Amino acid sequence: MRRTILWLGVLALLALVVGSFWWLLPQSPVEGALRALSSRDGAQRRRALRELRDALPKMTLTPSQRQQLAERLIALAENDPDATVRVNALGLLPIARVSAATMQRLALSALHRSAAEARWATEVLPQVADATTWTRLMDAYERERNPVRRDRLIRLLRRLPPKHWEWLCERLGRQPDLWQPVLKGLSEPSMPMRKQLVAWALSGQGEKRDGALRLLQQFPPSPDDALRLAPLAKHPDKRVREMVFCIWAQAPSRKMLPQLQAGLRDEPMVAFWASRALWQLGALRPEEGRVLVKRPDASLRAQGVLALTRSHDEQDWRLLTQALRDADLEVIRNAAAALAAKGEKGLSVVLMTYRAETRPERRAALLSGICGVAHPQVIAVLVEALKGGDWRERAVAMSGLAMLRDKALPAIKQLTQSPDRKERLTAVDALNAIGTKEAMRLLLQMARDDGDHQVRAEALTVLSRRRIKEAMPLLAEALRADDTELATAAAFGLVYYGEQGRGILREALRSNNPTTRQIAARALASVGDRAGVNELTKRLSPDLPEDQRIALLQALAKSGDQKALDELLALLGSDRPLTRLRARAALFGVGGLAVPALLRALESDDPKLKAEAAWLLGAWRIASAREKLVRLTTDPDPQVRAAAQRALARLDELPAP
């Protein structure tokens, strides 16, 4: 009996051990994943989610397993303290076939959490949100005062499906300034939807009408549908008339000529849009132009001047010549263009006025009216402006020469032979703007024969950026020049020629000239070449002057050297403005490799560092910086707030104040 009891105890113990092992061993990959997802170790949960992401699409799950997995993922997405775990769990929900209602609930919650969760929500909600949810989101946007959450709602509401735009019309009509950030980011609606907007504009309901008209200003309908807005062209509210005529200016039709001609006698903005529509239709008559040029509003005078272009009446000639002395630059520009279109006589008047004018902004306006005319006198004036004009004149001249292309080359060729170095440098810029094969031949000649190192350096820079093969021997020769500027231009130019150019630079690392070796190493390090990085590392000494050290740090940072990048970032927060300027320029040259570090710098306690980082991220238009920049718009330091606002403006995502 005792032996029987002993054997029963042994069997029970064995069964317990086997059962324990059976419970510990996963019966399927899903059960193993579920067990890992229940771990208290955040790293294990993150690893399990990554493995699930790769394996789940290939798994065959029973309904029970799918339900268990979905419940576990939902629990993680809602309650896990680790934001990375929550984001990864959210990303797996569609694969786990979670219901749309649950996805909607989780997405609404994610909008108020981390930036990564909010991005997921803005992607998912447009796919699953029902009408009630969109209404709640619009209500929330109108109440929201937190700049980060408001920015998230703006990005989400920009994806509002057109089938819900009727509500948007009402809200836009009621609070146009508040809804403007949403309006400017909406996707293009279909033509049937635009037809529906016209119907809402004609519905007689004030807020819906105004909102629909604002949408039609951004998304104009077909000319036939736009014509249906004719009853509103006589509306007593001038804002309504302005919007209607703005729409007509973007979708003009000859069927609306009577209304457009009547609009010329209306309020200034209505008359302006009417004149724009008539001009596009080729129906703005000289007699209408004579009236417009006498209106006090500059925009109307500018349109009136255009209407006189085709007139041969002596009275209109006098009006155009008088317009060359108008106070408004657009009127001057249009008058110059109208006179130039009349031939030699009109062009002579413009050129005479240009030469007599002393104010640079007016000279630039006169020049812009004729800069596209392929006439020897115009080309000569453009070249003269390029040589010695105000910056505004030079910009217009450069644009005009680029339009004229090879027709301008004889004049530019004379400029390449000028004894004045400044004029020859100007010729390099002009040839770059023209960009034809013949222009490149002239640049090659300058790079080879010009006696000034700076001119040769600029010519080689242009040629290398355009990857002109014939420039490679010139670059290889210039790399060993005694002039540092010329050698540097050649070294960084060779980088554009791939392995062939890098081979020439590696060979230069064996030069007896230490300056040549350093310049070649900087160019190689800028593309991550190990030979260049090693050479620079040997040269990086604490005793170097600041400008030289920053130049070497930039080259190393371009190669991916994190230590050099961190040092540049520290210099960006320096108390010395010159040091910050040098560091900013260096980081700008490093480019995309600096973005992660700059994003972290936005969370620094140093206001100078935050402001400089915001400036750089805005200059590069880094969209992933948006949420952090929005937070900085409420920073206690005014310098940081201003930098964040400027950066957001560059992103074209500036939230409503």
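Listing for the model above:
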{"item": "Pairwise label distance in nanometres, ASP637 with SER511, each label 7 Å out on the Cα-Cβ vector", "result": "4.1"}
{"item": "For the chain: accessible area per residue (Å², 1.4 Å)", "result": "49"}
{"item": "Cα gyration tensor, the stretch 200-344 - rounded (a/c under 1.5), prolate or oblate", "result": "prolate"}
{"item": "Using a Förster distance of 45 Å, the FRET efficiency for ALA83-GLN280 (Cβ separation, nearest 0.05)", "result": "0.25"}
{"item": "Among 312-325, 141-154, the order from most to least packed when residues are scored by Cβ within 10 Å on average", "result": "141-154, 312-325"}
{"item": "Whole-angstrom gap from the stretch 339-401 to the stretch 177-203, using each part's C-alpha centre", "result": "43"}
{"item": "Length released on extending from ASP547 to GLN322, taking residue separation times 0.36 nm less the Cα-Cα span", "result": "75.5 nm"}
{"item": "Nitroxide proxy distance, nm - points 7 Å out along Cα→Cβ at SER109 and VAL527", "result": "5.2"}
{"item": "Cα centroid separation, the stretch 419-443 to the stretch 113-161 (Å)", "result": "52"}
{"item": "Relative contact order of the stretch 45-176, defined on C-alpha pairs under 8 angstrom at six or more residues apart (%)", "result": "17"}
{"item": "Over 26 Å (Cα to Cα) - which of LYS294/LYS345; LYS184/LYS608; LYS563/LYS610; LYS558/LYS610; LYS163/LYS255; LYS413/LYS469 fall in this group", "result": "LYS184/LYS608; LYS163/LYS255"}
{"item": "Qualifying aspartates and glutamates (Cα of each under 14 Å from Cα of LYS407; at least 8 residues distant if same chain)", "result": "GLU438"}
{"item": "Under 19 Å from LYS437, Cα to Cα: aspartates and glutamates that are on another chain or at least 8 residues apart", "result": "ASP406, ASP429, ASP449, GLU458, GLU470"}
{"item": "The stretch 132-264, relative contact order [Cα under 8 Å, separation at least 6], %", "result": "19"}
{"item": "Heavy atoms of GLU242: accessible area, 1.4 Å probe, square angstrom to 10", "result": "50"}
{"item": "Among (i) 25.6; (ii) 31.0; (iii) 45.0, the entry derived from the coordinates for mean projected area of the Cα convex hull in nm²", "result": "(iii)"}
{"item": "Centre separation in Å (Cα based) which lies between the stretch 516-589 and the stretch 461-501", "result": "21"}
{"item": "Accessible area in the full protein assembly, largest first, 1.4 Å probe, for TRP620, TRP200", "result": "TRP620, TRP200"}
{"item": "Shape call, the stretch 105-243: gyration tensor on alpha carbons, a/c limit 1.5", "result": "prolate"}
{"item": "Extension reserve of the ARG421-SER99 stretch, reckoned as 0.36 nm per residue once the Cα distance is removed", "result": "108.7 nm"}
{"item": "Rounded if a/c under 1.5, otherwise prolate or oblate - the stretch 386-524, Cα gyration tensor axes", "result": "prolate"}
{"item": "Within straight-line cross-link reach of LYS238, aspartates and glutamates at Cα separation under 20 Å, skipping those fewer than 8 residues along the same chain", "result": "GLU170, ASP177, GLU207, ASP210, ASP266, GLU267, ASP297"}
{"item": "FRET efficiency estimate (nearest 0.05) - Cβ-Cβ, MET352 to LEU599, R0 56 angstrom", "result": "0.50"}
{"item": "Pair GLU344, GLU142: separation of 7 Å Cα→Cβ label points (nm)", "result": "6.9"}
{"item": "Normalised contact order of the chain, rounded percent, pairs of Cα under 8 Å and 6 or more residues apart", "result": "5"}
{"item": "Gain in span if fully extended, LEU202 to GLN414, counting 0.36 nm per residue against the direct Cα distance", "result": "70.0 nm"}
{"item": "Cβ crowding within 10 Å averaged over residues, with 447-460, 636-649 ranked highest first", "result": "447-460, 636-649"}
{"item": "Mean ellipticity per residue at 222 nm, deg cm²/dmol - from DSSP H runs of n ≥ 4 across the chain, formula -39500 (n - 2.57)", "result": "-22000 deg cm²/dmol"}
{"item": "Most to least accessible of TYR496, TYR354 (protein chains only, probe 1.4 Å)", "result": "TYR496, TYR354"}
{"item": "Cβ-derived FRET efficiency at R0 41 Å, ARG53 paired with ALA570, nearest 0.05", "result": "0.65"}
{"item": "List PHE492, PHE245, PHE272, PHE588, ordered by accessible area with a 1.4 Å probe, largest first", "result": "PHE588, PHE492, PHE272, PHE245"}
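The values are calculated or read from the model by the stated rules, or taken from the named source; none is laboratory data. Here the structure is a predicted model, which means the values were calculated and not measured. Glycine also receives a Cβ, built like all others from the backbone with ideal geometry; neighbour counts cover every protein chain displayed. Just the protein is used for accessible areas: all its heavy atoms, side chains included, with ligands, DNA and RNA removed. Shrake-Rupley method; radii C 1.70, N 1.55, O 1.52, S 1.80 Å.
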